[in-house]
Amino acid sequence: MSKELIRLQNCCMAFDDEQVLNNLNLYINDKEFLTLLGPSGCGKTTTLRIIGGFTTPTSGDVFFDGVRINAVPPYQRQINTVFQKYALFPHLNVFENIAFGLRMKKVPDPADPSGKRMVKLSEDEITRRVDEMLEIISLKGFENRKPDALSGGQQQRVAIARALVNRPKVLLLDEPLGALDLKLRKDMQMELKKIQQQVGITFVYVTHDQEEALTMSDTIVVMDKGSIQQIGTPEDIYNEPKNAFVADFIGESNIIDGIMCADSIVQMYGRKFQCVDSGFAPNEPVDVVIRPEDIDIVPVEQGQLAGTVTNVTFKGMQYDIIVDFRGFKWLIQTTDHSPVGAKIGVKIDPDGFHIMKKSAYSGKFGDYSSYSEEYDELSDTEEPEDDAAEGDSHEE
Amino acid sequence: MKKNGFWSRLFMVLVFLFLYAPIFVLIVFSFNATKSRSVWAGFSLQWYVKLFSDEAIMEALRTTLLVSAAASVVACIAGTAAAIGIYALKRKSRGIVLSVNNIPLTNADIVTGVSLSLLFVLAVNAFNSTFGTRWELGFWTLLIAHITFDIPYVILSVLPKLRQLDPNIYEAAQDLGATGFTAFRKVILPDLMPGIVNGLLIAFTMSIDDFVISYFTAGSKVSTLAMEIYAMARRKISPEINAISTLLFASVLILLILINIRQSRQDRLAKRQKAILATKK
């Protein structure tokens, strides 16, 4: 079991009376790939900035390796950051960008036996380490390029190298792939994961892209409205969401009101279904999650429920079918085609149900009545976040 | 509109004629061999020679260069600091401060001059009566006045550069181990440099150019080139004035061309960067 490296304890953050973080408690293990996932404004970037030392929490404590570091400035933390828009230094070439941290560094003088005198790194040492980094990010031969003569993906890699060359214990990444196109983003996801395993340090990754989080992380922290909604492995988060928000944010979910009659028996639409969940009070109202891919379409007479198809979308690998069950619309993903207007039956295996306790999010998610609009929203998730520093237009 | 039509050409010629004919006459007559301001008597450099042997003019030239250089450098430092401060303000207060900053630019020089003069007289008198000194308006008040009216120009040329900065690079430098001051020196300052140098050149030009404000704040013992020309014109009409005005015009023109070249080069660079960024998206 790896040991704990960073701990946030009862962290609260408020900007001008606006509560951004609510009593956040989080620990991060050494060598772990942890993702803070949530919609814009959920507090994930603020959490990252607290770890990096760019903001101090209004209340609460931050520990690094057991030492409280609330007041330690960013330049004294063994943490480096890859910023959202890379933040490369435009007047320095690739080599000098990567060497920047090394040039700032002071190490004990090897010639001084007491080990107290501090000296700068030698030019040889700097060149060696920068070359080593250029190798890892496969940008050898680009040393003399200025950042504006690099593609987005290359700038991205320079930003990563510039942080990693300092051999930090933790690398913070703030939506680093947000500005890249889809294809490049997929490649970089793989590359980042590879680099993380190669250098063997902790990555704390911020994103609003659930798929990115599922692909790369060891641990996902789902956040909303300044609070942690759930912490777990990607499998946990997907298969056992804690509330309607998590179920809806990670993947697609049909969330239906139900009542837990007894262990392993849930009632919805006035019918009892076999499930595998237990541990609820008798007749406790619950949210029932059914993933669209866990639903089988069968002839009406064989089905547990019957509904009418209202919308069919071809998605390549499967069809997205919207089915109306007594006014509540479900999303079903299936390889079988059913025409609009068809009466169909559905069958769900006991392990296709996931039962959640009622929460503040109950009833807000999981209905596909506004199906088309929801997809529009998904397509423009590239939201501008953190516009505080920018103000008016950047260039004229 | 038809391109290069006869009338539009004529119009352009007239505009340039009105704008530059006086200066052209001035330059031509600065090389005139006689004192006459109407008869051309052949080419000569005698007024230039005389100019450079005129002690009062040379003294005024030295004062002008010294004041302009010192004022523009000080204004540069103060203006850059002010620009950074303004940039860090919230949008609403930033707008207010910027409007206040722009008032001196549009305010009549004579009002600025008179008010500065009043303030300096008041301050110097108060100082003298408390400490028993006998200070009067002179080089230092002139310098302060020039710094005052130079600062807004520096602010206006540094602010756009600040807007172009990646808001994260200051934090990125700190993240990589630089203290706040080092981060500013190594990362922010180099990026602002083009704007600062532009501001310096504009401020220097404004200082060399200024007559009205200098006239009210320099006291009776010190004078700048512009003041000297004015005094000469009132005393006696000498072609030396033509010579020195020509020189003044030429040096300001060179500075302006320099500023323009720098600015258009920076604009081109920015455009290219933007184009590259756009293709990457």
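The values are calculated or read from the model by the stated rules, or taken from the named source; none is laboratory data. As the structure is a prediction and not an experimental result, all values here were calculated from the model. Every residue, glycine among them, receives a Cβ derived from its backbone with ideal geometry; neighbour counts consider all protein chains shown. Protein only, heavy atoms only, side chains kept; ligands, DNA and RNA dropped before computing areas. Shrake-Rupley method; radii C 1.70, N 1.55, O 1.52, S 1.80 Å.
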Fill in: region A:242-346: relative contact order in percent, alpha carbon pairs under 8 Å with at least 6 residues between
24
Fill in: Percent of alpha-carbon pairs separated by more than 25 Å within region B:163-271
48
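Antiparallel versus total DSSP beta bridges in the protein assembly as shown: what percent is that, nearest 5?
80
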Worksheet item: Given a 1.4 Å probe and every protein chain left where it sits, what share in percent of the accessible area of region B:54-280 is carbon and sulfur?
Response: 69
Discussion item. Could you tell me the center-to-center distance, by alpha carbons, between region B:124-143 and region A:169-203 in angstrom?
Written reply: 66
Practice prompt. Using a 1.4 angstrom probe on heavy atoms only, work out the carbon and sulfur share of the accessible area of region A:204-307 in %.
Written response: 47
Discussion item. Taking every DSSP beta bridge with both residues inside region A:4-238, roughly what % is antiparallel (nearest 5)?
Written reply: 55
Worksheet item: For B:9-21, what's the mean count of beta carbons from other chains sitting within 10 Å of each residue's beta carbon?
Response: 0
Fill in: Sites B:R9 and B:K221 - FRET efficiency at Förster radius 45 Å, r taken between beta-carbons, to 0.05
0.30
Response to the item:
Total charge of the residues flanking A:A306 in space, meaning their Cβ is under 15 Å from its Cβ, with Lys and Arg +1 and Asp and Glu -1, is +2
Discussion item. At a threshold of 8 angstrom on Cα-Cα distance, excluding pairs fewer than six apart, so keeping six or more, what relative contact order does chain B reach in percent?
Written reply: 28
Worksheet item: For the pair A:D349 and A:C261, how long in nm is the line joining their label points, each one 7 Å along Cα→Cβ?
Response: 2.3
Worksheet item: In whole Hz, what ³J(HN,Hα) sequence does region A:224-240 give by Karplus (6.51, -1.76, 1.60; θ = phi - 60°), x for Gly and Pro?
Response: 7, 6, x, 10, 7, 8, 6, 10, x, 6, x, 5, 4, 4, 6, 7, 10
Item to complete: Could you pull out every residue, at least 5 positions away or on a different chain, whose amide H is within less than 5 Å of the one on A:V119? Hs are placed 1.01 Å off N in the peptide plane, and Pro or chain starts have none.
Response: A:V107, A:D109
Item to complete: For region A:173-181, take each phi angle, set θ = phi - 60°, evaluate the Karplus expression 6.51 cos²θ - 1.76 cosθ + 1.60, and give the result in whole Hz per residue in order, putting x for glycine and proline.
Response: 10, 9, 6, x, 9, x, 8, 9, 6
Item to complete: Amide H neighbours of A:T334 under 5 Å, at least 5 residues apart or on other chains, H built in the peptide plane: list them.
Response: A:Y319, A:I321
Worksheet, complete the sentence: If unit charges are put on Cβ atoms (+1 for Lys and Arg, -1 for Asp and Glu) and the dipole of chain A is taken about its Cα centre, the option from A:P39, A:V158, A:A111 lying farthest towards the positive end turns out to be A:A111
Worksheet item: What are the residues whose amide H is under 5 Å from the amide H of A:N70, where those residues sit 5 or more places off or on another chain and H is modelled from the backbone?
Response: A:V62
Worksheet item: How do A:F325, B:F211 stack up against each other in accessible area, from largest to smallest, with a 1.4 angstrom probe?
Response: B:F211, A:F325
Worksheet item: For q = 0.12, 0.18 Å⁻¹, what log10 I(q)/I(0) does region B:54-280 give under the Debye formula with an equal point scatterer on each alpha carbon and no solvent?
Response: -0.78, -1.32
Worksheet, complete the sentence: Plugging the Cβ-Cβ distance of B:V100 and B:R37 into 1/(1 + (r/R0)^6) at R0 = 60 Å yields, to the nearest 0.05, a FRET efficiency of 0.85
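Partner chain Cβ atoms within 10 Å, averaged over the residues of A:87-93 - can you pull that number for me?
The mean count of partner-chain Cβ atoms within 10 Å per residue comes to 6.
Using Cα-Cα distances under 8 Å and only pairs 6 or more residues apart, what relative contact order does chain A have, in percent? Can you show the working numbers first?
Values: 771 pairs, mean separation 58.9, N = 396.
Taking the mean separation of contacting Cα pairs over the length of chain A, I get 15 percent.
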Worksheet item: Points 7 angstrom from Cα along the Cβ direction at B:A70 and A:N283: gap in nanometres?
Response: 9.4
Fill in: Shielding score for B:161-171, defined as the mean number of other chain Cβ atoms within 10 Å
6
Practice prompt. Kindly report, to the nearest 10 Å², the accessible surface of A:H91 as traced by a 1.4 Å probe over protein heavy atoms only.
Written response: 50
Worksheet item: Which whole-Hz ³J(HN,Hα) couplings does region B:212-223 yield from phi under the Karplus relation 6.51 cos²θ - 1.76 cosθ + 1.60, θ = phi - 60°, glycine and proline marked x?
Response: 4, 5, 4, 4, 8, 10, 8, x, 9, 9, 9, 9
Fill in: Label-point separation, A:R167 to B:R262 (7 Å along Cα→Cβ), nm
4.4
Item to complete: Starting with the highest mean, order A:290-296, B:185-191, B:9-15 by the number of other Cβ atoms within 10 Å, averaged over the residues of each peptide.
Response: A:290-296, B:185-191, B:9-15
Fill in: Förster-model FRET efficiency, 25 Å R0, A:S227 and A:R68, C-beta, rounded to 0.05
0.65
Worksheet item: Where the centre of each part is set by its Cα atoms, how far does region A:39-79 sit from region A:243-293, in angstrom?
Response: 38
Worksheet item: Which value in deg cm²/dmol, rounded to the nearest 500, describes the helix-derived mean residue ellipticity at 222 nm for chain A, given -39,500 (n - 2.57) per DSSP H run of n ≥ 4 and division by the residue count?
Response: -7000 deg cm²/dmol
Fill in: Size of the A/B contact, given as accessible area buried on both chains, probe 1.4 Å, in Å²
2900
Worksheet item: lysines near A:K315 by alpha-carbon distance under 23 Å, same-chain residues fewer than 8 away left out - which ones?
Response: A:K183, A:K186, A:K329, A:K343, A:K347
Worksheet item: Can you list, largest first and rounded to whole Å, the semi-axes you get for chain A by taking the square root of 5 times each eigenvalue of its Cα gyration tensor?
Response: 47, 24, 18
Worksheet item: Mind checking which aspartates and glutamates have their C-alpha under 13 Å from B:K221, skipping anything on the same chain fewer than 8 residues away?
Response: B:E59, B:E136
